[in-house]
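The values are calculated or read from the model by the stated rules, or taken from the named source; none is laboratory data. Given the structure is predicted, the values throughout are model-derived calculations rather than measurements. Cβ placement follows ideal geometry from the backbone for every residue including glycine, while neighbour counts extend to all protein chains displayed. Heads up: the accessible areas ignore ligands, DNA and RNA and are worked out on the full protein's heavy atoms, side chains in. Shrake-Rupley method; radii C 1.70, N 1.55, O 1.52, S 1.80 Å.
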Amino acid sequence: LLIGIPTALISVAFGTLAAPGIVRGNIPPAGLIPAAMVAPMMMPHVILAIGLYPVMLELGLLRTHVAAIIGHSVIGIPLVFITVSAAVTGYNGALELAAMTMGANPWQTFWKVTFPMIRVGMLIGGILAFATSFDELMLSLFLTGAATRTLPRLIWEQLADYLTPTIAAVATLVFVFTLVLLAIVSLLQIRRGRAMAGQHG
């Protein structure tokens, strides 16, 4: 929780900042920047871990919670970017222009017009980022230490020595918890789909 919750918050913040700017900004070359945004999610996590290890070592953050949060955020931000980008493309950008035409400043436009349209996407992305952080092993093996072990790392270390009923029970609980998070995401997507259908109707 000490790593997963901050990871989700950071991912939501940066993913939400990036999505409207890239989707609405028409930044050339088309498609290259969105591909770069989702690249960390597509790369093998061991490659990311090897790349982040010397960086965290140089910054003096290795084996701290901050290192794990940064590492997990690298793979969490693309998830939020994808969900928020889908939400941004799902509504008419003319609504924002209409708000600014009526005298709203950029912050008021975002809070009153953009945010209500993308908040479900933000929530879904945050849940996915938390679930990814909660289950992440490879980055945790490289970036955490004895005092900052995550639950997946603890399970992995115990499996290397011996399997106990406790570890089996914990692994089952982690699996069930992940399924619950995915079920929540599915319900939110269904709700968003119905809301968008109602707006178009």
Relative contact order %, the chain, counting alpha carbon pairs below 8 Å whose residues are six or more apart: 30
Modelled FRET efficiency - R0 25 Å, F175 with L1, Cβ distances, 0.05 increments: 0.90
The chain, accessible surface, carbon-and-sulfur percent (1.4 angstrom probe): 73
V38 paired with M102, simple spin-label distance in nm, labels 7 Å along Cα-to-beta-carbon: 3.4
Most fluctuating residue given options S73, S186, S11, as computed from a GNM of the chain linking Cα atoms under 10 Å: S186
Accessible area in square angstrom per residue, the chain, 1.4 angstrom probe: 56
Folded to 0 to 90 degrees: helix 65-89 orientation relative to the chain principal axis, Cα: 30
Helix 32-42 axis, angle to the chain major axis (alpha carbon atoms, nearest 10°): 30
C-alpha long axis of helix 151-161 to longest principal axis of the chain, angle in °: 30
Cut-off 14 Å between beta-carbons: net charge of the residues surrounding L137, Lys and Arg +1, Asp and Glu -1: -1
